[in-house]
Amino acid sequence: MGYTMKVSEAVLTRRSMRAFKPDPVPRQIVEWIITTASRAASNGNLQPWKLHVAMGTARQRLSQAILAAIDAGEADTREYEVYPRAFTPEYDRRRKTVGKQLYTLLGVPRGDAAGMARQFRKNYEFFGAPVGMILCVDREMGDGQWIDCGIFLDQLMLLAREKGLHTCPQAAFSRYQRVVRRELGIPDEEVVICGLALGYADVGEVPNNLWTERVSLADFTRWHDR
Ligand SMILES: Cc1cc2nc3c(=O)[nH]c(=O)nc-3n(C[C@H](O)[C@H](O)[C@H](O)COP(=O)(O)O)c2cc1C
C-alpha cells in the first residue's frame, strides 16, 4: 500500500504548529486524510464524529466573522468546559509552562495582555493554514463518544504527517461556537468540540520552534503485576 512513514515517526513529528504557509492543500489529500482517519475505533462503531471542513473563501469568511465578533466585543458562550474548573497545582504548572514557553519564544513578556491577545487571535485564522476543520459531536451523545472523537482527531493529525502536513488542534473555536455555527450552518444538535488547522507548516516561523515537554511514564503509569 506504499506506506512512507512509520507510525512512531508520525507520532514523534506531530506537534502543534502555529504558523502555516498559504500553500493550498489539494482537496484529494484532505479527503484521503479524513477517509483514512475514519477507520478510527469507536465504541459500538457509532463513528460519532461530525466534521466541517472550511477551505478557500469559506475558510476566510469563517475567520473574518469570528475576528469581527471579537472586535465588536461580542461575547459568545463556550459549550463545554475545555479545562477543569479548578486546576490542581501540578496541572496548573503544566499549563503555565507551555504558555510561558510559547510567549517567551514570541517575545511577549509576562503580563502583556495585549500581546497575548494578539497571538490568541491568530487561532481564528487557523494560524494561516489553508484548511480549517471544525469537529463536532451530536449533543445527545454520551461522554464515551467524546473519546471516539478524540481518537478520530488524533488520526487526522497523524495521517496529516504522512502527507508532509502539520496541524494544530484548537479548542479556541468552541469559544465562538455561535459564530462558527452561523457561518458553517452547523445545527444546534451538534456541539462544537474544537477546530483543527491543517496545512504546510512554516518551519522557519518562531512559534513553530516550540517543543513541549512530557512527564515521564512513571508519573502517570502504575503497574499491577503481582
Ligand atoms: C483538544 C485540544 C485543544 C487545543 N486547543 C488549542 C488552542 O485553542 N490553541 C492552541 O494554540 N493550541 C491548542 N492546543 C494545542 C496544545 O496546546 C498542545 O497540544 C500541547 O501544548 C502539547 O503540544 P504539542 O501538540 O506541540 O505536542 C489544543 C490541543 C488539544 C488536544
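Evaluation of Glu162 against the conditions (1) within 15 Å of the ligand (Cβ to nearest atom); (2) touching a helix residue (DSSP H, G or I) at 6+ places or on another chain (Cβ under 8 Å) shows that the sole unmet condition is (1).
Have a look at Thr57, Thr4, Thr77 and point out the one that is in a helix (DSSP H, G or I) and of a type in the set (Ser, Thr, Tyr). After applying the criteria, what remains is Thr57. Restricting attention to the stretch 105-132 and to residues that are in a helix (DSSP H, G or I) and touching a Leu at 6+ places or on another chain (Cβ under 7 Å), the residue that is farthest from Val180 (Cα to Cα) turns out to be Leu105. Please determine whether any residue of the stretch 19-42 is within 16 Å of the ligand (Cβ to nearest atom), in a loop (DSSP other than H, G, I, E, B) and under 21 Å from Gly164 (Cβ atoms). Yes: one or more hits.
When each of Glu9, Glu31 is tested for being in contact (Cβ under 8 Å) with a residue 12 or more places away in the chain, acidic (Asp, Glu) and either farther than 27 Å from Trp146 by Cβ or surrounded by 11 or more Cβ atoms within 10 Å (Cβ to Cβ) (or both), the lone residue that passes is Glu9. I'd like the full set of residues that are on the phi < 0 side of the Ramachandran plot, buried (at least 19 other Cβ atoms within 10 Å of the Cβ) and either among the aromatic types (Phe, Trp, Tyr) or at pLDDT below 95 (or both), limited to the stretch 127-161. Within the stretch 127-161, just Phe152 meets the criteria.
A Cβ distance below 7 Å, combined with a sequence gap of six or more or placement on separate chains, defines the contacts here; from the stretch 190-207, residues that are farther than 16 Å from Gln119 by Cα reach residues that are of a type in the set (Ser, Thr, Tyr) in the pairs Val191/Tyr80; Val192/Ser174; Ile193/Ser174; Cys194/Ser174; Leu196/Thr167; Leu198/Thr167.
Scanning the stretch 209-226 for residues that are in contact (Cβ under 8 Å) with a residue 40 or more places away in the chain and either in a loop (DSSP other than H, G, I, E, B) or closer than 17 Å to Tyr124 by Cα (or both) gives Leu210, Trp211, Thr212, Glu213, Val215. Summed over the stretch 172-195, residues that are within 9 Å of the ligand (Cβ to nearest atom) and either farther than 17 Å from Arg139 by Cβ or part of a strand (DSSP E or B) (or both) total 5.
Considering only the stretch 196-226, state which residues are more than 16 Å from the ligand (Cβ to nearest atom) and touching a Phe, Trp or Tyr at 6+ places or on another chain (Cβ under 7 Å).
Tyr200
Within the stretch 86-104, the set of residues being more than 20 Å from the chain's Cα centre (by Cα) and assigned to a helix (DSSP H, G or I) comprises Pro89, Glu90, Asp92, Arg93, Thr104. Inside the stretch 72-99, can you point out the residues that are closer than 20 Å to Val203 by Cα and free of Cβ contacts under 8 Å to residues at least 60 places away in the same chain? Once the filter is applied, which keeps residues that are closer than 20 Å to Val203 by Cα and free of Cβ contacts under 8 Å to residues at least 60 places away in the same chain, the stretch 72-99 yields only Gly99. When Cys149, Cys136 are checked against the criterion of being within 26 Å of Thr4 (Cα to Cα), of a type outside the set (A, V, I, L, M) and within 15 Å of the ligand (Cβ to nearest atom), Cys149 stands alone in meeting it. Within the stretch 133-170, the residues that satisfy the criterion of being assigned to a helix (DSSP H, G or I) and closer than 19 Å to Val82 by Cα are Asp143, Gly144, Gln145, Trp146, Ile147, Asp148, Cys149, Gly150, Ile151, Phe152, Leu153, Asp154.
The values are calculated or read from the model by the stated rules, or taken from the named source; none is laboratory data. The model shown is predicted, which means the values in this text are computed figures rather than measured ones. Note: ideal-geometry Cβ built from the backbone for every residue, glycine included; neighbour counts use all protein chains shown.
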